[in-house]
Amino acid sequence: MEDKPKQGTRLALLVVERLHLNIKCQTAKDRAKDAATTALRRLVIPRPDILHTYLEYKQINQYLEYLAQRYPHFVYVHILGHTHEKREVRALEINWMNSENVELSPQMREHAPRLFDIAPNGRFTVPVIHLGEHCRKTVFIEAGTHAREWISISTALNCIYQLTERYTRNIEVLRKLRFIIVPLVNPDGYEYSRTKNPKWRKNRRPHKSTKFVGTDCNRNYDIFWNSGPSKINRNTYKGESPFSEPETRAMRSILDRMSTNLLFFLSLHSYGQSIMYPWGYCRDNPLYWRELSSLANSGKSAIKSYNGREYRTGSISCLTKRTIAGSVVDYVYGVLKVPMALVMELPSRELGFQPPVEMISQIGHESWYGIREMCKRSYDLRNQIARENDPPLPRPARYEATNEGVAIANTSTSTVEATAAGGDCAKTTSKKKRSKRTVRAQHENTVRLQRSFKARESQDLPEGIQALPPGLFPRQMEPRYPPIKRSGLSRDGQGGGDGAILTSRGKPNISSQMPLVFP
């Protein structure tokens, strides 16, 4: 009877040990599976170093895929289109307030929209269009339109890094705004600039029946496109027609779709060290230039407080001292009626389009401080701008109508843009183009006037005065008239003598017209 409790205890211990071993085996198997999966992920999608080097096109896409796999609950990659050389133009959507975000409360997830939609063609995904009164909460950032501006691409990647890998520090902005960032609009030109010609600016689509290649994508949007540069050999060639390039068509597809949700559009370029607002195609100011100036100055102040670098602010045409037709900022602000749109030219002339790799992190971080402040300011200004009542768009000085094919206006009035508008510019006036015929006519008129003056010299001069020989001044000539005699006091003041008063070189002095009076 005494052995039965001992046997029962031993059996219980054996059962516990077997269960414990089974649990250990299952845990080890699960760990092995997790380790294999983690190793596979790291092998397939390693994280590129975006802060200290200029990435290749494949590395940029690799970083976007890495983020989408690491943060699937609020990060998603969209394919906008393909370039001439079959590269993808990609956009990264960062949407914290969506129904798939596991870090939100169940109540918030119920009322939040989904993360993405399927495109009409069924091949790609597209961002969700938010409906309702307060639907404008999307910030759109694009970079890499010009191939040689490498630092703009790195800065856009830095913005992505701040909003994803460091999202806990920027959670305030993520809760208010949705971000869509296109870090590389022109991948063909960027790869050509990296491998062959660092100064290349345009895309790489060749033009038929010519030896020239490329179009400036920032002159190819449909806003007064006809007034842009039409010489095919120029760096700023506008293309055969609006949206003739696959890159601009890809951008148009997402911009037109998201136009009702866009609150703030930002285009990154280099290297003007300035924050500019429309218009670029003419020298007029938009209706809400004060709000746009306030938005630009908020970014300027944030960057200056971060490291002392001071940006300029003003309109595009004022700060660049030229007009730029067909730009993406004018298209977004003028055609799509997005409330706020700016261009940010990164620093600086001394560093060039491709600063040293040591400067990538510094420029990216300081730019993010300004961009984040402008995003916050745009959210505060969202109820102060109503674009539905905007007046018609002003026309540029030189504009050709598409349906008529003739010039409508060739003159423009001078515009004064005060520094109160946030512009670092003074009075700007339009310059008329002088043709060879005009210069020749002016020269002939000048010669005719000179001949007529020479012919009248002998008739118009009074008696005793000779014409000036060429190359002589009056003081170099000898006098040919006698001294002037005047009655009255002589030089001794006694009234005697002939009263002759002579001046230097035999000329009468002005003061000799009055009698001399001594006290």
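Identify all residues within the range 110-134 that are modelled with pLDDT under 85 and open to solvent by less than 20 Å² (accessible area, probe 1.4 Å); write none if there are none. Answer for the range 110-134, where residues must be modelled with pLDDT under 85 and open to solvent by less than 20 Å² (accessible area, probe 1.4 Å): 112, 115, 119, 128.
On the stretch given as the range 228-238, residues that are open to solvent by 40 Å² or more (accessible area, probe 1.4 Å) and either at pLDDT 95 or above or of a type outside the set (A, V, I, L, M, F, W, C) (or both) total 5.
Scan the range 189-215 for residues that are assigned to a loop (DSSP other than H, G, I, E, B) and either open to solvent by 10 Å² or more (accessible area, probe 1.4 Å) or not small (Gly, Ala, Ser) (or both) and the total you get is 17. Whether any residue in the range 116-135 is closer than 18 Å to residue 174 by Cα, in a loop (DSSP other than H, G, I, E, B), among the aliphatic types (A, V, I, L, M) and more than 22 Å from the chain's Cα centre (by Cα) is what I want to check. Looking for residues that are closer than 18 Å to residue 174 by Cα, in a loop (DSSP other than H, G, I, E, B), among the aliphatic types (A, V, I, L, M) and more than 22 Å from the chain's Cα centre (by Cα), one finds at least one in the range 116-135, hence yes.
The one condition from (1) modelled with pLDDT under 95; (2) within 27 Å of residue 136 (Cα to Cα); (3) out of contact with any Pro (no Cβ under 8 Å at 6 or more places or on another chain) that residue 334 does not meet is (3).
One residue stands out among those in the range 161-188 that are under 10 Å from residue 147 (Cα atoms) and out of contact with any Gly (no Cβ under 7 Å at 6 or more places or on another chain): the one that is surrounded by the fewest Cβ atoms within 10 Å (Cβ to Cβ), which is 188.
Of all residues in the range 295-311, those that are closer than 30 Å to residue 386 by Cα and in contact with a Lys or Arg (Cβ under 7 Å, 6 or more places away or on another chain) total 4. Would you confirm, using the coordinates I've provided, whether residue 80 is at pLDDT below 90 and either part of a helix (DSSP H, G or I) or open to solvent by less than 100 Å² (accessible area, probe 1.4 Å) (or both)? No; evaluated as a whole, the condition is false for this residue. Any residue at all in the range 89-102 that is within 30 Å of residue 208 (Cα to Cα) and part of a loop (DSSP other than H, G, I, E, B)? No, because not a single residue in the range 89-102 is within 30 Å of residue 208 (Cα to Cα) and part of a loop (DSSP other than H, G, I, E, B).
The values are calculated or read from the model by the stated rules, or taken from the named source; none is laboratory data. Since the model is a prediction, treat every value here as computed from it, not as a measurement. Heads up, the Cβs are rebuilt from the backbone with ideal geometry, glycines too, and the neighbour counts pull from every protein chain shown. Areas reflect the complete protein model, heavy atoms only, side chains present, ligands, DNA and RNA absent. Shrake-Rupley method; radii C 1.70, N 1.55, O 1.52, S 1.80 Å.
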